[in-house]
Amino acid sequence: MTLTKARIKRSFAKASVTYDSVAQLQRTAGRQLINTIDAKEIKGCLLDLGCGTGFLTSQLEANTNHEIVIALDIALTMLQTMQEKWVGQNVIKYVCADAEHLPFIENSIDSVFSNLALQWCSNLGSVFRDIKRVLKPDGRLIFSTFGPQTLHELKNAWATVDNYNHVNSFYTKDQLHDFLTHAGYTKVEITSTFHVSRYTSVWTLMQELKYLGAHHVIAGRNKKITTKTAMEKMITAYECYKLGDKIPATFEVINVIATV
């Protein structure tokens with residue numbers, strides 16, 4: 001495990017206690033993801049990849065004709081938090097593993113779902129190939145991920161301070177399509193929606209990202225402690241986006257259905 005992956009794992013492990021209190025966008029995206037397909041046609045063995053505290057898992061359990069639902073996450077504490085909600089539910093199986101190294105045999109899963117999790121994988125091409133490996137013939141990968149316009153206000157505000165990456169970059173729809181077709185998926189459908197959340201302050205936004213475990217920057221970050229002066233300059237730059245007494249934050253959510 002690289003240092004970056006260890007940091008991501010640690011961030012989400014710490015966020016397991018606070019995650020549900022600030023995961024409104026994740027729940028909205030999860031509902032939209034389920035609505036992109038006819039859930040009643042989904043059956044067999046389902047995998048929720050990067051399940052977090054289990055919102056999408058609960059939607060799969062309630063709305064599909066599954067035989068078994070596997071909840072997989074890299075952070076054990078996320079799974080433990082989820083398991084506490086589902087005491088006595090034997091239909092859900094819990095697996096602590098890395099989405100980039102799936103511990104399943106070939107042709108063993110009917111459908112793979114993932115809600116706002118795959119953006120944390122460093123090699124999406126490899127991830128898509130491995131998911132294809134475990135999917136049965138005609139199986140589908142159904143997932144949501146963040147698009148490049150996500151947190152553009154925060155990114156632009158930091159750009160007035162320095163040239164480091166303070167906000168993660170995300171793949172475009174075209175790039176995702178290329179990854180999937182090169183991985184061997186025969187049909188790929190991609191749509192995107194924009195969500196604008198409003199916060200009382202930039203600090204509130206940043207605190208929410210931390211509570212979600214989503215504050216870790218994968219590449220190009222400043223390894224030094226951010227100074228008070230730099231933070232104040234960024235916040236001042238962000239103020240130009242203010243709407244009334246709130247600051248907005250844009251999240252681009254991309255939904256994908258890819259068939260083997």
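Just so you know, all these numbers are worked out from the coordinates, no wet-lab data involved. Computed from a predicted structure; not experimentally measured. Here Cβ is always computed from backbone atoms with ideal geometry, including for glycine, and neighbour counts include all displayed protein chains.
Odds and ends about this structure:
- Percent antiparallel among DSSP beta bridges (both partners in the chain, rounded to 5): 50 percent
- Angle between the chain longest axis and helix 228-238 axis [Cα atoms, degrees, rounded to 10]: 80 degrees
- Placing +1 on each Lys and Arg Cβ and -1 on each Asp and Glu Cβ, with no other charges, gives the chain a dipole about its Cα centre of roughly 680 debye.
- To the nearest ten degrees, helix 173-182 and the longest principal axis of the Cα atoms of the chain are 40 degrees apart.
- Dipole moment magnitude, nearest 20 debye, region 77-135 about Cα centre, only Lys, Arg, Asp, Glu C-beta charged: 80 debye
- Based on DSSP H segments of at least four residues, each scored -39500 (n - 2.57), the chain has a per-residue ellipticity at 222 nm of -11000 deg cm²/dmol.
- By average C-beta atoms within 10 angstrom, highest first, the peptides 143-156, 49-62: 49-62, 143-156
- Shape category assigned to region 148-198 from the gyration tensor of Cα positions, a/c cut at 1.5: oblate
- Degrees separating the helix 202-212 axis from the principal Cα axis of the chain, which is the longest one: 30 degrees
- Among [x] -0.43, -0.52, -0.61, -0.94; [y] -0.24, -0.32, -0.41, -0.84; [z] -0.32, -0.42, -0.52, -0.98, the entry derived from the coordinates for log10 I(q)/I(0) by the Debye sum over Cα atoms at q = 0.07, 0.08, 0.09, 0.13 Å⁻¹: [y]
- Mean Cα-pair separation over length for region 29-136, i.e. relative contact order, pairs under 8 Å, 6 or more apart, %: 30 percent
- Comparing Cα centroids, region 118-164 and region 44-82 end up 19 angstrom apart.
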